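> Pasting a structure below so you can have a look.
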Ligand SMILES: *Cc1c(COP(=O)(O)O)cnc(C)c1O
């Protein structure tokens, strides 16, 4: 039996305030218009001009030689690890990494790597932690090939890796001859929050991808960037996994639109997240982590509640939140406005204290 995500309880009204995830954004009318007008071709055959435009733009933005369009962020991680590593190799990552938690065991099933989980607050680790993870190179030890980081760290609380720390952990990895990979599902949130240009943020990483279906608000697609050789090899895995597409320019057009219109506005999502955290802190019993980007995590145990109960009560009021790692996660995005945040605070207070 495979468990599906929880459905709203019977009798719940439609969701009005959707703090469940930034993946639930709907394409705007202007984005749909850009998709409608997209010039397209056979992407698999290398003939889709809009996909080429997106990949060229992303390679330039990330300061890498080349890029490849893939249907999802998960496929970016799988393709990147298949390209960097062989079966039995080891990837060093944080213990809360998406590749460990949320990819359905893809790396055991397809890539055949083992993942060494590192500890550390906020989904991050230090250069010393990486040094401590280096194994002796003997016939007994798994060959270590890749260091993986998440910017922002999702289960870590949407925290932003400081640039110096990203560079420091990458330097240890490169010193050992490992490659470095960044899961940049919410990379633009990190860049906007820190005021760092994407190509500076990812300069120490051999591969990096950006998801267009999180705060950027596109219906599907993610772009993986790296050297020309790396992307050439990634194309074979894309083809093998069935990730090569046809008139994918319709989706690439949405991604280009998002780059033009939905990046700077992420600052509004971060301000809304801070306002939500401020309001929630006024509610007795809640322990609220200070958000750095668009994810607000809070613990409801001190308010005499548990996550599913709060979710059920809020669902009856048309509010959706998610549960992650025993905490509630509320996520701001382009379909969440400042008045909705004020309303959500009141509804959460009422759901907890009647
Ligand atoms: C969402 C997410 C992914 C996977 O992206 P999909 O497009 O949902 O496959 C990977 N890593 C992190 C940190 C994410 O938040």
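The values are calculated or read from the model by the stated rules, or taken from the named source; none is laboratory data. Since the model is a prediction, treat every value here as computed from it, not as a measurement. Heads up, the Cβs are rebuilt from the backbone with ideal geometry, glycines too, and the neighbour counts pull from every protein chain shown.
> Considering only the range 149-169, how many residues are modelled with pLDDT of 95 or more and either buried (at least 21 other Cβ atoms within 10 Å of the Cβ) or within 16 Å of the ligand (Cβ to nearest atom) (or both)?
Total meeting the criteria: 11.
So that you can scan it fast, the table gives a plain yes or no per residue for (1) more than 19 Å from residue 83 (Cβ to Cβ); (2) away from the ligand (no atom under 15 Å from the Cβ); (3) in the same structural domain as residue 86 (by TED's automatic domain parsing); (4) part of a loop (DSSP other than H, G, I, E, B):
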position	(1), (2), (3), (4)
104	yes, no, yes, yes
125	yes, yes, yes, yes
129	yes, yes, yes, no
136	yes, yes, yes, yes
139	yes, yes, yes, yes
147	no, yes, yes, no
171	yes, yes, yes, no
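> Just name the residue that is surrounded by the most Cβ atoms within 10 Å (Cβ to Cβ) out of those in the range 314-348 that are under 17 Å from the mean Cα position of the chain (by Cα) and in a strand (DSSP E or B).
331
> Looking at (1) surrounded by fewer than 18 Cβ atoms within 10 Å (Cβ to Cβ); (2) away from the ligand (no atom under 16 Å from the Cβ); (3) farther than 30 Å from residue 48 by Cα, find the lone condition where residue 65 falls short.
Status for residue 65: all satisfied but (3).
> If the requirement is being under 23 Å from the mean Cα position of the chain (by Cα) and away from the ligand (no atom under 14 Å from the Cβ), which of these qualifies: 84, 45?
Criteria check complete, one pass: 84.
> Just to be sure before I move on: is residue 123 touching a helix residue (DSSP H, G or I) at 6+ places or on another chain (Cβ under 6 Å) and over 23 Å from residue 243 (Cα atoms) in the structure I sent?
Spelling it out, it is not the case that residue 123 is touching a helix residue (DSSP H, G or I) at 6+ places or on another chain (Cβ under 6 Å) and over 23 Å from residue 243 (Cα atoms).
> Failed condition for residue 38, given (1) within 12 Å of the ligand (Cβ to nearest atom); (2) more than 24 Å from the chain's Cα centre (by Cα), with all others met?
Among (1) within 12 Å of the ligand (Cβ to nearest atom); (2) more than 24 Å from the chain's Cα centre (by Cα), residue 38 violates only (1).
> Within the range 222-231, is there a residue that is closer than 21 Å to residue 337 by Cβ and either more than 12 Å from the ligand (Cβ to nearest atom) or crowded, with 23+ Cβ neighbours inside 10 Å (or both)?
Within the range 222-231, not a single residue is closer than 21 Å to residue 337 by Cβ and either more than 12 Å from the ligand (Cβ to nearest atom) or crowded, with 23+ Cβ neighbours inside 10 Å (or both).
> Taking residue 57, is it away from the ligand (no atom under 16 Å from the Cβ) and in contact with a helix residue (DSSP H, G or I) (Cβ under 8 Å, 6 or more places away or on another chain)?
Here the answer is yes, as residue 57 does meet what is asked.
Residue-by-condition table, conditions (1) in contact with a strand residue (DSSP E or B) (Cβ under 6 Å, 6 or more places away or on another chain); (2) closer than 19 Å to residue 63 by Cα; (3) touching a residue at least 24 places away in the same chain (Cβ under 8 Å):
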residue	(1), (2), (3)
190	no, yes, yes
208	yes, yes, yes
234	yes, yes, yes
260	no, yes, no
263	no, yes, yes
